[in-house]
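The values are calculated or read from the model by the stated rules, or taken from the named source; none is laboratory data. If you're wondering where the values come from, they're calculated on a predicted model, not measured in any experiment. Cβ placement follows ideal geometry from the backbone for every residue including glycine, while neighbour counts extend to all protein chains displayed.
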Amino acid sequence: MIQSMTGYGKHIIQLPTKKITVEIKSLNSKSLDLNTRVPSAYRQKELQIRKLLASGLTRGKIDLNLFVESTAGETATKINHKTLMQYMEQLSEVVAADQVELLKMAVKMPDALKTEREEIDEDEFSEILKAVSQALVEINTYRTDEGEVLKNDFLKRISNISKHLEEVLLIDSQRIESVKQRLRSALSDLKERVDENRFEQELIYYLEKYDITEEKVRLENHLSYFKEAINSKDSNGKKLGFITQEIGREINTIGSKSNFAPMQQLVVQMKDELEKIKEQALNVL
């Protein structure tokens, strides 16, 4: 079973005085790249959140956003009355303005408002960790669903490569006959008498040089191995990437040996399917 590195998970919890939203997004990456955005009040607990993320997501570029919205009547931001009055008094000596205008200017000055830092409630943070865990469940479900889409696409393209390989084998006899005719034509143009035995030996040499039986067998094996890999429990993008390299090597060798336009066209089609597999494999966990 394969999973995509692309995913999204979101979970919302409602506490007596706060609404907390955890949102996790992931994209493909060669390793685990964690980015967390949490309110400053929870910054001291950020390491615990990162550890929880790392335990649930092994690869990918991960972005976590923690939003905390107060639903109670009180707010942590308070007016600094003494400082505000001093600003208004000093401003009245500089500009001629009424109290409302002075107040508008004063609140923009440093320290006119003060934020009281709240201590983290451990029960509250425990609920936050539960929300993160639930968001991880959701993003992994998303990744599994996306992985199923990728799997179907892989199977379709592997099947296409197999069909093109069968077509290659069907026209292989025409290719061999074409090689023979070209060699005979070249000799005829030389207008020289040749030893038939010697010619047959050279012909056998060239036919062996152009033979693709080994490449065909290896390519079929690699295609079968790829299908096994995407269904195995330990399937991963790096492993699939290695197999596609081997598939590409055999396709390229068939292309270099083909020396026959119809076969080369089929090789191009196989390469096109393989490139699409490689591109999608980069997004496999």
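At-a-glance table
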item	result
Enumeration of residues in the range 238-261 that are in a helix (DSSP H, G or I), over 14 Å from Leu165 (Cβ atoms) and over 26 Å from the mean Cα position of the chain (by Cα)	Ser256, Ala261
Search result, residues across the range 1-31 that are in contact with an Asp or Glu (Cβ under 8 Å, 6 or more places away or on another chain) and small (Gly, Ala, Ser)	Ser4, Gly7, Gly9, Ser26
Residue within the range 196-213 that is of a type in the set (A, V, I, L, M) and modelled with pLDDT of 80 or more present	yes
Single condition Lys30 does not satisfy, out of (1) surrounded by fewer than 18 Cβ atoms within 10 Å (Cβ to Cβ); (2) touching a Ser or Thr at 6+ places or on another chain (Cβ under 9 Å); (3) of a type outside the set (Ser, Thr, Tyr)	(2)
Residue, surrounded by the fewest Cβ atoms within 10 Å (Cβ to Cβ), within the range 36-61, restricted to residues that are in contact with a Ser or Thr (Cβ under 8 Å, 6 or more places away or on another chain), of a type in the set (Lys, Arg) and not in a strand (DSSP E or B)	Arg50
Residue list for the range 49-67, filter: more than 19 Å from the chain's Cα centre (by Cα) and under 17 Å from Ile20 (Cα atoms)	Ile49, Asn65, Leu66, Phe67
Selection status of Glu166, in the same structural domain as His222 (by TED's automatic domain parsing) and without any contact (Cβ under 8 Å) to a residue 12 or more places away in the chain	yes
Checklist (1) modelled with pLDDT under 95; (2) surrounded by 12 or more Cβ atoms within 10 Å (Cβ to Cβ) applied to Ser224, failing item	(1)
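Per-residue answers, yes or no, for (1) crowded, with 19+ Cβ neighbours inside 10 Å; (2) out of contact with any strand residue (DSSP E or B) (no Cβ under 7 Å at 6 or more places or on another chain):
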| residue | (1), (2) |
| --- | --- |
| Gly237 | yes, no |
| Ile247 | yes, yes |
| Asn259 | no, yes |
| Ile277 | yes, yes |
| Ala281 | yes, yes |
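Yes or no, residue by residue, for (1) assigned by TED's automatic domain parsing to the domain that holds Ile20; (2) of a type in the set (Phe, Trp, Tyr):
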position: Leu32; (1), (2): yes, no
position: Val38; (1), (2): yes, no
position: Lys45; (1), (2): yes, no
position: Arg50; (1), (2): yes, no
position: Gly56; (1), (2): yes, no
position: Gly60; (1), (2): yes, no
position: Leu64; (1), (2): yes, no
position: Phe67; (1), (2): yes, yes
position: Gln86; (1), (2): no, no
